Amino acid sequence: MTEPEALTEARATALNAALTALQPVVALLLDAGINTNELAYFVRWAAVQEAATRQRSLGKKPSISRIAASTGLTRAEVSGLLDTKIPSASSLELAPRTADKVLAAWQNDPDFLEPNGRPRILSYADSPPSFSDLVHKYAPDIPPRAMLKETIAAGLVAEVASDRFRPSTTPVTQTISEKDALTAFGAKMNALGATLLNNLRASPQRSLYESLVHVAEITDSAVPKVTKELERRCRTFSQSIERYLLDQSLSDENQSQTATDKTIGVIVAIVRNPTK
């Protein structure tokens, strides 16, 4: 096989992979009423920004000529796209919420645990340790009353008697707005795509864990049962991972370290018809 043929085959493989990955993205854009002309503009903008980011990572100032050469755009187009800011909603906060940290501390800090390791039933501020003490320790910038109202409304805390509270034992069904769901779509696709791309580029010793497990031959009658069981197992796994990450976050806060912005976590999803 000659080099041009190999290059053509590699490009075709990359294009087929990109088209498959783009299908849910295109579906999302069509649902939002974004036409192909707008999509093409955003693709050009993303290509220019990526090319500029690569140059900056090498310690160089982005060159319009080099970006034009790598993207196939004219220098005028590159110049205009470099100076354009795409309006966007604020990015999804993937770090644990303040309420999650407070709840994690309630279930891990010995000051707020019974001798048997269960979370203490706390008064709002009657006697230490109280819910107010908990919030002052782990969320000092949030008024304890506001935190109490928020966690009760979210189903995270239950009032078991007058002025007596404990973490809820009832699983909470997360409800998010359509705007938040759309923002989450982008964040999740970006995180997953970045992981897969890292593994394509990295040596085996530096690759991140990834796995796609599926069986192509599941009977129609078995699908509901299998899906329900997968959901149960995935939810249990995700909750254990979230608890671990929250514990690490709380532990790090008690250490004097230089803070850096890092996002780390796991995406767990159930795959249906992965080849379609």
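Each residue in the range 204-260 was checked for being of a type in the set (Asp, Glu), within 15 Å of residue 271 (Cβ to Cβ) and either at pLDDT below 80 or assigned to a helix (DSSP H, G or I) (or both), and 2 of them qualify.
Residue pairs whose Cβ atoms lie under 7 Å apart, sitting 6 or more positions apart in sequence or on different chains, and linking a residue in the range 136-164 that is in contact (Cβ under 8 Å) with a residue 60 or more places away in the chain to a partner that is surrounded by 13 or more Cβ atoms within 10 Å (Cβ to Cβ), are 138/101; 138/102; 138/105.
Against the test of being closer than 24 Å to residue 180 by Cα and part of a helix (DSSP H, G or I), the options 21, 17 yield a single qualifying residue, 21. Note on the range 29-120: enclosed helices (runs of 4 or more DSSP H) holding 2 or more residues that are over 30 Å from residue 158 (Cα atoms), at pLDDT below 90 and hydroxyl-bearing (Ser, Thr, Tyr) are 36-57.
Under the condition of being surrounded by 10 or more Cβ atoms within 10 Å (Cβ to Cβ) and at pLDDT below 85, the residues counted in the range 151-167 number 2.
Scan the range 185-203 and tell me whether some residue there is over 29 Å from residue 16 (Cβ atoms), among the hydrophobic types (A, V, I, L, M, F, W, C), at pLDDT 75 or above and exposed (fewer than 11 other Cβ atoms within 10 Å of the Cβ). No - not one qualifying residue is present in the range 185-203.
The values are calculated or read from the model by the stated rules, or taken from the named source; none is laboratory data. Quick caveat, the model's predicted, so the values are computed rather than measured. Here the Cβ is made from the backbone with ideal geometry for all residues, glycine too, and neighbour counts use every protein chain on show.
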